[in-house]
Structures are given as structure tokens and as C-alpha cells.
Amino acid sequence: MPPALPWNAPEAELLATLGATDQGLASSAAERRLLEVGPNEAADRRKRPLWLQILERFANPLILILLFASGLSALTGEMTGFGIIVGIILLSVVLDVVQQMRAEHTVEALRKTVALRARVLRDGREASVPVETLVPGDVVLLSAGDIVPADCRMLSGKDLFLNQALFTGEAFPVEKQAGDLAAPAEDASSAANWLFMGASVISGSAAALVTRTGRATELGGLSGTLASRRPQDAFDRGIQQFGYLMLRLTIFLVLFVLAASIFFHRPLLESLLFALALAVGLTPELLPMVVTVTLANGARRMAGQQVIVKRLAAIHDLGAMDVLCTDKTGTLTESVVQLAKAVDLEGQESEEVFRLAYLNSAFESGIKSPLDAAILAHRTLDVSTLRKIDEVPFDFERRRVSVLVDDGKQRLLIVKGAPEDIIQLSTSHQTPTGASVPIGEAERRTLVERFDAIGEQGFRALGVAVRPLDHTHDDAVIADEIGLTFVGFAVFVDPPKPDAAGAIRDLVAAGVAVKILTGDNERITRHICSAIGVPVTGILTGGELTALSSEALLARLPDVNLFCRVTPQQKQRIIVALKQTGKVVGFLGDGINDAAALLTADVGISVDTGADVAKEAADLVLLQHDLAAVHAGVLEGRRTVENVTKYILMGASSNLGNMLSMAAAALFLPFLPMLPTQVLLNNLLYDCSEVGVPFDTVDPEALERPAHWDMARIGRYMLVLGSVSSAFDLLTFAALYYLYAADASLFQTGWFMESLATQSLVIFVIRTRGLPWQSRPHPILTTLTLAAVTVGLALPLTPLGALFGFVAPPPSFALFLIAAVTSYLLAVVVVRRMLS
């Protein structure tokens with residue numbers, strides 16, 4: 001592979017050193033280079049070796065201390081106990097690693113289904129390849145909406161404007177030009193011919209030579225810093241808070257039990273082993289695995305609903321979403337735009353209006369909107385007699401595009417864009433005879449009324465205007481877009497979606513308010529809403545929004561569900577305001593102008609056919625532009641959150657109950673209530689039963705409202721159900737101590753059996769907010785839970801039980817166990833219904 005060249009090397013030197021031409025590389029050469037330089041990924045996605053993943057699990061301080069203490073036990077001759085402890089820890093670690101790897105493979109497979117692709121010249125022909133396969137020497141083709149896929153040197157192109165705020169902090173588009181620099185630049189960021197990986201193309205087109213890929217790019221150097229700055233979302237913060245809470249309680253209990261054991265003069269080593277084993281048993285070490293596996297399973301199910309998840313935590317945000325903001329096109333309409341007619345100011349079909357609109361769209365090299373495509377598809381005109389001189393690309397502030405053409409007789413600036421803006425820039429209008437008549441205020445109002453009438457009929461429209469230019473220079477600038485002659489309207493139809501109203505009703509019924517944010521005017525949008533039966537509760541236009549203060553906007557938000565003629569910045573402002581009211585906000589957008597809103601929303605949603613910059617900014621990608629897919633994703637997100645919550649509620653209540661029970665036992669028992677190996681075995685069997693939680697079904701009533709992370713609810717469950725669990729533990733203690741006059745071995749065996757049965761079987765109660773016999777759990781959860789309990793109850797009756805210090809309990813204990821477990825589960829049913 002040739003050495004990397006400095007960013008300011010001449011173009012010819014770059015091509016020669018990289019062994020490339022302006023027609024790119026041969027496919028065989030690209031494949032060889034890919035093996036040498038590796039995939040084109042700014043972030044390091046290399047998988048950690050299996051041995052390292054296993055070793056990381058042993059970095060848990062509690063496990064390390066436990067292994068150290070058990071090693072001391074082995075030195076005293078307790079080899080059996082040492083072997084059992086090590087074996088149980090190994091099984092737990094392997095279980096965690098295997099489930100984590102399966103989840104990661106699922107997420108990676110889904111991510112690849114919506115991976116970005118690049119247009120590249122290979123073997124002298126244009127081809128579409130995954131961005132990850134680009135290598136230095138490739139020539140990529142860029143157009144509006146693309147993301148620059150690697151660090152590149154621009155070879156050719158026209159009117160290329162990039163947003164490279166990620167590197168420079170400058171929000172305004174930056175123009176790039178081909179060729180060597182006429183004057184030296186300070187660095188690559190200020191060089192007009194250098195394109196950064198990760199920058200987005202606002203307008204124009206270009207061919208660019210790839211010079212650096214992957215970690216060697218500017219973005220690759222920043223990737224670690226950028227990742228570290230990413231703020232935690234609500235779900236991650238909630239998981240972390242729960243983990244810290246359990247850790248504090250566990251440390252307190254360990255110290256308390258250890259102090260009590262020392263006070264009662266129990267063997268120090270055995271007491272230390274018990275306390276540390278208890279810490280391992282009570283720490284929710286399966287929580288990261290359960291969360292990851294549950295979210296990954298949710299992502300896989302959502303893929304079946306045509307929703308691809310790029311960020312796992314976004315599933316929680318989708319399930320918690322209160323408000324969905326979405327564009328009109330493709331959501332309320334079919335997004336199959338057709339040119340209905342081209343009309344003059346009298347409403348008559350006009351060939352001149354169509355000709356000018358066609359020339360503007362045909363010669364435009366920037367953003368090709370669906371409206372441009374509709375004009376070009378309507379009918380083909382011969383443009384070979386005209387020469388394009390220059391253009392002023394479309395942007396979302398001006399809302400228009402201008403092209404300067406020469407027809408051999410004169411130079412014409414043809415302007416096409418938002419009718420209200422074109423009308424304001426026009427000082428005359430063209431009559432059907434071709435004459436130009438000055439526009440007064442009365443005529444301007446008439447033009448606006450005619451545009452409004454088009455919107456009232458449900459049509460979209462673009463204004464078309466011209467201006468002859470007599471200057472001889474070959475540049476068209478924004479300052480030329482004045483003194484226009486208004487010619488007419490290009491009128492489009494975008495049929496409403498017949499099923500859109502049903503999807504919106506389903507979302508509203510599920511507790512998600514839907515708000516329409518569109519650049520179209522209010523008349524078109526109101527007509528579409530009326531056609532599909534969606535009620536309009538309030539309308540706010542972009543002009544009105546500009547005049548509102550932040551406080552006034554917050555007051556208007558609850559009553560408005562239609563925001564019309566809004567700019568990208570205004571969309572972002574609306575989303576920020578909604579978030580300030582405490583709402584979890586989703587945004588559905590697919591255009592270049594939607595990237596900021598997608599990043600601002602709690603959950604950004606784009607579509608597979610959207611612009612690259614929109615898909616890259618989104619957390620979720622729809623394979624079909626349909627609100628029904630969003631509704632299905634919302635329900636799946638809520639299922640996922642509910643299943644994670646089940647594990648947390650059960651683990652929190654069971655762990656606190658065990659903590660209280662251990663603390664009580666340490667005060668009055670002359671021996672340990674459970675041996676260290678028994679605590680670890682109990683924990684292992686319990687963990688095995690919980691592997692089925694991510695697959696569990698969810699009751700329909702749990703899906704009716706947004707599923708928020710609720711620490712207060714978890715706290716209530718932990719305190720109340722933990723106390724109930726501890727009460728039945730103490731009942732078991734009393735029965736064993738007084739009814740059965742149990743020695744240490746029988747006591748430990750009896751509590752092991754009762755503890756495992758209660759904390760495992762309670763999942764069938766906690767998993768539903770109704771009566772447990774009315775809700776059917778998933779077969780995987782049922783099988784694993786019953787299997788774990790069966791093994792735990794049967795083990796003391798087998799010769800293997802002696803290895804763990806178990807003894808066979810008397811037959812009557814089985815009756816007590818059945819009564820105690822049944823009573824406990826019924827008590828939890830009653831208490832849970834009170835808590836719900």
C-alpha cells in the first residue's frame with residue numbers, strides 16, 4: 001500500500017502515488033487494498049477475542065475476592081468446596097458471555113441491513129458498494145443528501161456545498177471546489193478541495209478521490225472523543241441508578257453479616273466466604289446481560305415489523321414516546337408525486353410554464369426533489385439547444401433554486417420555488433400573450449389568492465418566474481433573484497394514504513400524540529387531513545412561530561397538531577419545546593433538512609429510502625414509510641421495556657428480601673444460614689431461570705400507555721415485596737429451628753429449597769399486572785424456571801447433594817414447603833395488585 005500523502009499534495013501526485021486514475025480502481029486492486037488497510041470504519045468495530053470477553057467478567061471485584069478467599073480455603077484442605085465455587089463461577093461467566101455474544105450478533109446483523117452504500121467508480125463503471133469496502137484510490141460520486149464516506153480530494157464537480165460542522169463547528173454550508181489550491185490553506189479543514197469523512201452534502205455534485213479511510217481519517221481520530229461525549233439516555237441512567245442502589249445495599253449487608261459472624265466467634269474464613277458469596281448472589285450481575293438480550297430480541301422482533309434498530313437503547317425511548325412529530329409527505333400521503341398541470345395566472349394550461357419548470361429541473365445539479373422528478377417524468381423536452389451557465393442551488397432558507405441558461409439569444413435566470421416567496425420577489429407577471437405587466441399590491445394579493453385556491457383543492461404548487469440577465473460574467477448569485485417576472489404555477493398531486501387515519505388513531509389510542517411538521521402551506525395540509533379523516537386541533541405557521549417567544553410556544557403546544565410552512569430550524573425548535581414539557585419526543589423524517597431534528601429528538605426515525613444524512617442521524621430506520629410500522633415499533637418497544645422491568649422488579653424485591661433475612665439470621669443463628677457454595681448454587685440456578693425473561697410475552701393492557709423508566713415504582717416494589725419475601729423466609733427459619741429442630745445442615749438445606757422456589761416462581765406473579773393464571777408466560781420462561789426449581793429441590797435428595805453440604809429433609813418438610821411457597825405467591829398477588 002502506498003504511503004499516505006499530505007493533504008495539500010498536488011492532484012497528479014496523489015493519483016500517481018495511490019496508483020489510481022480519475023476513473024477509480026479495478027475491482028481486484030480494491031479487494032487487495034481492503035485486506036491491507038481494513039474496513040472503512042471510523043469507530044473501532046473489531047470484536048474482542050472470546051478469551052478477553054471471559055476475562056473481563058472476572059474483573060468483577062467481588063468475583064476476584066471470592067476466588068482469592070476460596071483459594072485460601074483450598075490451602076486449608078477444603079478442595080471440594082474450592083472446586084465447586086470455581087465451577088459455579090465459571091458456569092455463570094460462560095452463561096453471561098454466550099447470551100451477550102448472541103445479542104451482539106443479532107444487533108450487528110440488523111445494522112448491516114441498513115448500512116450505508118457509496119457510489120464508486122470501479123473498473124471504469126459506476127457501482128454501488130458498502131461504505132465499509134472503500135479503499136484509498138477509489139473515486140466516489142457524491143450528490144445532495146450523501147454523507148462523505150472517507151477523507152477525499154475533490155476531482156471534479158459543481159456547486160458542491162457541505163455541512164462539516166462536526167469538525168469546524170461552523171453550521172453554515174461550506175463550498176468545495178476541484179483542483180489544486182491557488183493559494184495555500186492553513187490546514188485541511190480550510191482547504192476548498194478537501195472533503196472530510198462524515199460531512200454531509202447539502203447541494204451540488206462531485207467526483208472525489210479517496211485518500212484516507214477508517215481510523216486514518218479525521219473522523220477516525222475524533223471517534224473516541226466523540227463517543228465519550230455522548231450523553232447517557234434515560235434508560236442507561238435508570239439502569240445505572242438501580243445498580244448503584246443494589247451495590248450500596250449489598251456492601252452494607254456483607255459488612256453487617258461479617259461483623260455479626262465475628263461477634264459470635266464463627267470461623268473467620270468460612271464467614272468471609274459466606275459474606276462474599278452472598279455479595280455475588282445478591283448483586284444483579286445478570287442485569288447487563290438481561291438488558292442487552294431483551295433489547296436485542298426486541299430489535300429482532302421489530303425487524304419483523306419492518307423497523308431496523310440502530311441504537312438498542314432507542315427501543316426504550318420508542319416505548320416511552322409520548323409525542324411523534326412527522327412530516328406530511330409519505331406519512332399522510334402516498335409520496336407518489338405527479339405533475340397534475342402547469343397553469344398560467346388565469347388558471348389555463350400553459351406550455352411556457354411547463355417549459356421553464358422543466359428547464360429548471362433538468363439543469364439543476366443540486367437536490368432533486370420528488371417535485372423535480374415529477375416534472376421530468378411528466379414529459380421529455382429537448383434541451384440540447386440551450387446551454388447551462390450556472391445555478392444558485394436550493395437551500396431550505398431560500399426555498400428555491402435558480403439556473404442561468406443561454407438560449408443563443410439571451411441569458412435567462414429561471415427561478416422555481418415556494419410560490420409565496422417567488423411572488424414576493426416578482427415585480428411583474430407574464431400575460432398569456434407573453435407580455436410583461438408590472439405587479440401592484442392588488443395584483444400580488446390576487447396571485448396569493450390563486451395560490452391559496454390551489455392549496456384548498458389539495459394540490460401542491462411551485463411558483464415559476466424568469467428574469468433576463470444582461471451581465472456577461474458566468475456566475476449566478478442570490479442577488480440576481482430580484483425583479484422577477486412571475487409566469488405561473490406547476491401544480492402537483494400527492495394522493496392521501498387511505499390507511500393513514502387508522503394508523504394515527506392507533507397511535508393516539510396508545511397514548512402517543514401525533515403532530516404534523518411540514519413545509520407545505522396550511523391549506524394543503526388541512527385538505528389532506530380532512531380527506532383522510534384526521535381532526536385538526538390547531539394550526540401554527542412558520543411565520544407565526546417566529547413571532548412567538550419560548551414561553552408563548554410552550555403555551556400553544558398542547559392545542560396545536562399542525563405546524564405548516566416550518567423550516568428545519570423551526571422543526572428543531574418545536575421538538576426542543578416539547579421535550580421541555582417533559583415529553584418523550586420522536587421525529588420521523590427522511591430528508592437532508594431533517595438531520596438536526598432527528599438528532600434532537602429522543603428517538604429519531606427515518607426510512608430506508610431517505611437521504612444518507614437522515615439515515616445516519618436516525619436511531620431507527622423504517623423499511624416502509626408508514627405510520628403503521630411506527631405503531632408496531634412502539635408496541636414492541638413497550639414489550640421490551642416491560643420485560644426488562646420484570647427482571648428488575650423481581651431481582652430488586654428478592655434481593656432485598658434475602659438481605660433482610662440474612663441480617664436477621666446473622667443475629668440469632670449459631671451457624672451460617674447457608675454455606676457459600678449453596679449461595680452460589682442458588683444464584684446460578686436462579687440466573688438460569690431468568691434467561692427466559694427476555695423472551696416472555698406481555699399482557700395487552702401493559703401496552704396501552706407509554707412505558708417509562710420508573711425508579712419510584714421499583715423502589716416501592718423493592719420495599720414492599722422484599723419485606724413480604726423476608727417475612728416468609730423468617731417463617732421458614734422458625735419452622736426449621738423450632739418444628740424440625742434442624743441442625744446446621746438441615747437448616748441450610750431447607751432454606752436453600754425455600755429461597756430458590758420463592759424467588760424463582762415469583763416471576764409468574766410479577767410478570768403480569770393481572771391474575772397470574774389469566775396470563776400465559778412464554779414456554780421458554782416456563783420451562784427454564786420450572787427446570788431450575790426442580791433441580792434445586794431434587795438435588796438434596798441425590799448423592800450429589802452431599803458435595804454441597806445438603807441433607808435429605810424429612811418428608812413432612814415437603815408439605816410445609818408447598819404451603820409456604822403457595823402462601824407467599826398468593827400474598828404477592830394481593831400486594832402487587834395493591835401496588836399497581
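Values as computed for the structure displayed
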| quantity | calculated |
| --- | --- |
| Selection count where residues are open to solvent by 40 Å² or more (accessible area, probe 1.4 Å) and over 25 Å from Asp520 (Cβ atoms), scope the stretch 384-405 | 4 |
| Any chance Phe747 is within 29 Å of Val86 (Cβ to Cβ) and of a type in the set (Phe, Trp, Tyr) | yes |
| Filter result for the condition that a residue is modelled with pLDDT of 80 or more, of a type outside the set (Asp, Glu) and open to solvent by 20 Å² or more (accessible area, probe 1.4 Å), over Ala342, Ala299, Ala303, Ala320 | Ala303 |
| Unmet requirement for Phe695, which otherwise passes all of (1) within 22 Å of Thr758 (Cβ to Cβ); (2) of a type in the set (Phe, Trp, Tyr); (3) in contact with a helix residue (DSSP H, G or I) (Cβ under 8 Å, 6 or more places away or on another chain); (4) surrounded by fewer than 19 Cβ atoms within 10 Å (Cβ to Cβ) | (1) |
| Qualifying position, being surrounded by fewer than 19 Cβ atoms within 10 Å (Cβ to Cβ), farther than 27 Å from Glu346 by Cα and among the small types (Gly, Ala, Ser), among Gly408, Gly440 | Gly408 |
| Residue list for the stretch 744-759, filter: over 30 Å from Ile648 (Cα atoms) and either free of Cβ contacts under 8 Å to residues at least 60 places away in the same chain or touching a helix residue (DSSP H, G or I) at 6+ places or on another chain (Cβ under 8 Å) (or both) | Leu746 |
| Subset of the stretch 597-610 [open to solvent by 20 Å² or more (accessible area, probe 1.4 Å) and not polar (S, T, N, Q)] | Leu599, Asp602, Asp608 |
| Those residues of the stretch 323-339 which are outside any strand (DSSP E or B), surrounded by 20 or more Cβ atoms within 10 Å (Cβ to Cβ) and not polar (S, T, N, Q), in sequence order | Asp327, Lys328, Gly330, Leu332, Val337 |
| Members of the stretch 423-437 that are in contact with a strand residue (DSSP E or B) (Cβ under 7 Å, 6 or more places away or on another chain) and either exposed (fewer than 12 other Cβ atoms within 10 Å of the Cβ) or small (Gly, Ala, Ser) (or both) | Ser426, Ser428, Ser436 |
| Test: residue in the stretch 475-486 that is touching a Gly at 6+ places or on another chain (Cβ under 7 Å) and open to solvent by 20 Å² or more (accessible area, probe 1.4 Å) | no |
| The stretch 347-368, residues that are surrounded by fewer than 19 Cβ atoms within 10 Å (Cβ to Cβ) and under 19 Å from Ser143 (Cα atoms) | Ala362, Lys368 |
| Where a residue in the stretch 190-219 is on the phi > 0 side of the Ramachandran plot and its partner, wherever it lies, is of a type in the set (Ser, Thr, Tyr), with Cβ under 9 Å and at least six apart | Gly198/Thr217; Gly204/Ser143; Gly204/Ser365 |
| Residue ranges of helices (runs of 4 or more DSSP H) in the stretch 724-818 with at least 3 members of a type in the set (Gly, Ala, Ser) and surrounded by 21 or more Cβ atoms within 10 Å (Cβ to Cβ) | 744-761 |
| Qualifying residue in the stretch 394-407 (condition: touching a strand residue (DSSP E or B) at 6+ places or on another chain (Cβ under 6 Å), on the phi < 0 side of the Ramachandran plot, of a type in the set (Phe, Trp, Tyr) and modelled with pLDDT under 90) | yes |
| Where Ala490 falls short, out of the listed (1) in a helix (DSSP H, G or I); (2) open to solvent by less than 20 Å² (accessible area, probe 1.4 Å) | (1) |
| Tabulated pairs, the stretch 694-715, first over 18 Å from Asp602 (Cβ atoms), second hydroxyl-bearing (Ser, Thr, Tyr), C-beta under 7 angstrom, 6+ apart or interchain | Pro694/Thr294; Asp699/Thr768; Asp699/Ser775 |
| Residue match in the stretch 660-671 (condition: assigned to a helix (DSSP H, G or I) and without any contact (Cβ under 8 Å) to a residue 24 or more places away in the chain) | yes |
| So Ala513, is it in contact with an Asp or Glu (Cβ under 8 Å, 6 or more places away or on another chain) and not acidic (Asp, Glu) | yes |
| Test: residue in the stretch 677-688 that is within 22 Å of Thr785 (Cα to Cα) and open to solvent by 40 Å² or more (accessible area, probe 1.4 Å) | yes |
| Subset of the stretch 583-596 [at pLDDT 85 or above and open to solvent by 10 Å² or more (accessible area, probe 1.4 Å)] | Lys583, Val584 |
| Hey, Ala727 farther than 30 Å from Asp710 by Cβ and aliphatic (A, V, I, L, M) or not | no |
| Tabulated pairs, the stretch 575-586, first closer than 17 Å to Ala314 by Cα, second surrounded by 15 or more Cβ atoms within 10 Å (Cβ to Cβ) and of a type in the set (S, T, N, Q), C-beta under 6 angstrom, 6+ apart or interchain | Ile575/Thr600 |
| Matching entry among Arg119, Arg153 (being more than 30 Å from Leu55 (Cβ to Cβ), out of contact with any helix residue (DSSP H, G or I) (no Cβ under 8 Å at 6 or more places or on another chain) and modelled with pLDDT of 85 or more) | Arg119 |
| Helices (runs of 4 or more DSSP H) wholly inside the stretch 343-458 containing at least 1 residues that are touching a residue at least 12 places away in the same chain (Cβ under 8 Å) and over 23 Å from Asp494 (Cβ atoms) | 351-363, 419-425, 441-456 |
| Of residues in the stretch 9-49 being in contact with a helix residue (DSSP H, G or I) (Cβ under 9 Å, 6 or more places away or on another chain) and closer than 18 Å to Ser156 by Cβ, the one modelled with the highest pLDDT | Leu25 |
| Boolean, Ala465 is outside any helix (DSSP H, G or I) and crowded, with 19+ Cβ neighbours inside 10 Å | yes |
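The values are calculated or read from the model by the stated rules, or taken from the named source; none is laboratory data. Since this is a predicted model, take the numbers as computed values, not measurements. Reconstructed Cβ throughout: ideal geometry from the backbone, glycine too, with neighbour counts over all protein chains shown. SASA here: full protein model, heavy atoms, side chains in, ligands and nucleic acids out. Shrake-Rupley method; radii C 1.70, N 1.55, O 1.52, S 1.80 Å.
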